[in-house]
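One structure is given here, and the rest of the page talks about it.
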Amino acid sequence: MSLPGHERPDRWPEMEPRPDRPYVWVNCAVSADGRLAYAGGTRARLSSPEDLVRVQQLRLRVDAILVGVGTVLADDPSLRIHRELLGEDPSASHDGPRSGPLRVVLDSHGRTPEKARLLDGKQPTAVLTVERSARRFPPHVSVGAFGRERVALRPALKWLLRKGTRRLLVEGGSEVISSFLREGVVDHMTVYVAPVVIGGRTAPSMVSGRETHDAEEAVPLRLVDVVRLGEGALLTWSAVPKKPSESAVEKP
Ligand SMILES: NC(=O)c1ccc[n+]([C@@H]2O[C@H](COP(=O)([O-])OP(=O)(O)OC[C@H]3O[C@@H](n4cnc5c(N)ncnc54)[C@H](OP(=O)(O)O)[C@@H]3O)[C@@H](O)[C@H]2O)c1
């Protein structure tokens, strides 16, 4: 299947890690009004068939895929590579058991259900939690504890890099995307925009988290690419360092 802008290997960014963290790529699918899901967070399948293939190609290129526990509770994702979508025979897998990208969940209070697909042991998995968390996970799950109330992203990312995650894909949801953007640890972001409107008051938007009160607090982005993908559009953004505020610029 032809994927404009993504079938050519030279169009994929280098994805070089930083000294203290992996290269971070955020990916999600939204409605035309920027919602990630239906009312109350009910899962919406917003990706077109072409976008689903692109996401599998992206998952193949990373060392780890991260979601928040909100997404685990709402969607119970497996975060596996669906090789059948890439035209491969999934039973003739090249992978041994428990191979594939590391699956990572941000879960400060141990809310990941015991029966969650992420804990099925079929692929390496890590839970990032906080220092005082008492929750125990199966022995095949790596656990890292950072911060007091909520997982502290920077030390957690450093830990992931030390464990071999050079390229990290962040797949949501809305609070996690907010934290990564606010913390300034996003290198690249792809957003598939589906030709549908969801609306309402309770459907989560792409980014939630802390309120933004003015332009100073908004997170600036640079538009890298816009591509039609099936019936929707794929927008590619990169992060830009914030300019110092006018008041902070020294006047001559
Ligand atoms: N369309 C898409 O591409 C897509 C992709 C993924 C998800 N979704 C949708 O997104 C919704 C879930 O989003 P959500 O915002 O409710 O949940 P989320 O972002 O998946 O997870 C948020 C939770 O992660 C935990 N967490 C721990 N450390 C954190 C940190 N440093 N920053 C942020 N979160 C941290 C917090 O729970 P604790 O305090 O308990 O740790 C927090 O409530 C669902 O409706 C799902 O369907 C859509």
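Here are some notes:
- Share antiparallel - DSSP beta bridges, the chain, percent rounded to 5: 40
- Each residue of the stretch 35-131 gets 116 Å³ once the volume of the Cα convex hull is shared out per residue.
- In the stretch 139-231, the trypsin sites (Lys or Arg not before Pro) that fall in loop regions by DSSP, at most 16 other Cβ within 10 Å: 148, 150, 163, 166, 201, 210
- In this structure the amide hydrogen of residue 145, modeled in the peptide plane, comes within under 5 Å of the amide hydrogens of 129, none closer than 5 places in sequence on its chain.
- Cubic angstrom per residue, convex hull over Cα atoms of the chain: 154
Here, each number is a calculation from the coordinates, and none is a lab measurement. On a predicted model such as this, the values are computed, not experimentally measured, just so you know. Neighbour counts are summed over all protein chains in view; Cβ atoms, including those assigned to glycine, are modelled from backbone coordinates with ideal geometry.
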